[in-house]
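The values are calculated or read from the model by the stated rules, or taken from the named source; none is laboratory data. Please read all numbers here as calculations on a predicted model, not as lab measurements. Glycine gets a Cβ as well: all are built from the backbone with ideal geometry, and neighbour counts include every protein chain shown.
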Amino acid sequence: MYINPAENVNLAVRQVWTHRFRSLLTILGIVIGITTVVTVASLLTGLRQGIVIFFQELGPDNIFISRFSGGPGGGGFVAKERKRKPIKPEYADFIKRSCDAVEDVSLLLYVPPVVDGVPITARVPGYESDNVAISGLSSNYLELSPRDIRLGRFFTAEEAQRAARVVVIGNDLSAALFPDDRPLGRTLMMDGAEYTVIGVYDKAKGGFFGQNNQDSAVNMPLSTAHLRYPQLDDYTITAKARTGMRQQAYDEVEAAMRRIRKLGTKDENDFTIQTPDQIIQQIDSITGVVGLVAIAMSGLGLLVGGIGVMNIMLVSVTERTKEIGVRKAIGARRRDIIGQFLIEAVALTGAGGVLGIVIAVLITLLVGKLAPSLPSIVPAWAVVTGFAVSVAVGIFFGVWPAVKAAQLDPVEALRYE
């Protein structure tokens, strides 16, 4: 007797729908597991995309040299890094002179939000903001790390040379201090000094967890920052490699820094040198750990769900013993019975997978609405993998009940009450 696979599918779907509440309780673990995996994958994918865009904006051919591994404002959370000597501004000139593969060099002086115990606040009449990211920049900084300026301009070499009190501010800070969107030529007070706004950056792209401190930037000439905060020494050097020569430039800059810091051949670097790719790789390793934790958590849900499916399928075999006997009596083969119950198990877990994916997509969309700055993207591979895993769970945990059903003696099954 030949049984059309479509008939088995139809029977399986009807069986799941007939006992829909029981089926829903059975696949709850599957739903939770798939929802966790797809949601975490979506958030991590969006987060990584934002970070990649952020570092692309900083310049893919750039090499960053700083005292601490955390970059500007890193603070030296690693004990041995706190013993490092500061990066000095004169290192930039030395690198430019001695490294043939380096096209240009710029400097950044990081100004922390609290200096000498006093929080820094930007004020204008009627408005103020303590969300400021202050730094002093070389006049050529935008040539190495291009950024779009929405209003006005960047400061000139002449303004930098005479330490003019001019600033270019971020888009969000401009909106907070100048709601009328007419900041150019107006002044703001910051830490007891007055600065003239000459430019406003366009909205920054990318960032960490949807945040980009460039939107709160207050960028002034490096000389101005040095005069205003002579006690600070958190410098970062940006060296731009010539086209197609980034690895050579990296090696030359590292050698130059080791030479100027008088390090021996066996001494470790007492500075941090990084490229955007290396920083992204470090972040990928962190997000990879988060992904593994999410997989482990979802694995428990899938295991519980799979055991539930096996249990309910065994119950279903017992409930439908007479039906199985009738099917076998009229010619159904063992593989037909196995196929029937496997398809039913797969229908259960597949429905759980689809429901989990739908919930994950809704959660991702909700996160995007509640926190527009946090990028969240549902990757196609996560959807496909989630559904495939749910189907695989159905096959794995459905085999035993299906085989048990196929092994029933038709005569005994017909007599079963």
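List of remarks:
- If the condition is being touching a strand residue (DSSP E or B) at 6+ places or on another chain (Cβ under 6 Å), in a loop (DSSP other than H, G, I, E, B) and either of a type in the set (Gly, Ala, Ser) or buried (at least 21 other Cβ atoms within 10 Å of the Cβ) (or both), then segment 164-176 contributes only 170.
- Qualifying residue in segment 327-337 (condition: crowded, with 20+ Cβ neighbours inside 10 Å, closer than 12 Å to residue 404 by Cβ, in contact with a helix residue (DSSP H, G or I) (Cβ under 6 Å, 6 or more places away or on another chain) and modelled with pLDDT of 70 or more): yes
- Residue in segment 208-223 that is surrounded by fewer than 22 Cβ atoms within 10 Å (Cβ to Cβ), free of Cβ contacts under 8 Å to residues at least 40 places away in the same chain and not in a loop (DSSP other than H, G, I, E, B) present: no
- Those residues of segment 113-147 which are under 26 Å from residue 158 (Cα atoms) and part of a loop (DSSP other than H, G, I, E, B), in sequence order: 132, 138, 139, 140, 145, 146, 147
- Boolean, residue 114 is β-branched (Val, Ile, Thr), surrounded by fewer than 16 Cβ atoms within 10 Å (Cβ to Cβ) and free of Cβ contacts under 8 Å to residues at least 24 places away in the same chain: yes
- Residue, nearest to residue 244 (Cα to Cα), within segment 50-67, restricted to residues that are at pLDDT 70 or above and polar (S, T, N, Q): 62
- Residues satisfying the criterion are present in segment 356-364 (criterion: within 30 Å of residue 404 (Cβ to Cβ) and at pLDDT 75 or above).
- Filter result for residue 159 (surrounded by fewer than 20 Cβ atoms within 10 Å (Cβ to Cβ) and part of a helix (DSSP H, G or I)): yes
- Subset of segment 254-270 (residues that are modelled with pLDDT of 90 or more and of a type in the set (A, V, I, L, M, F, W, C)): 255, 256, 257, 260
- Residue list for segment 248-292, restricted to those being touching a strand residue (DSSP E or B) at 6+ places or on another chain (Cβ under 8 Å) and without any contact (Cβ under 8 Å) to a residue 60 or more places away in the chain: 254
- On the stretch given as segment 234-266, residues that are in a loop (DSSP other than H, G, I, E, B) and touching a Lys or Arg at 6+ places or on another chain (Cβ under 8 Å) total 2.
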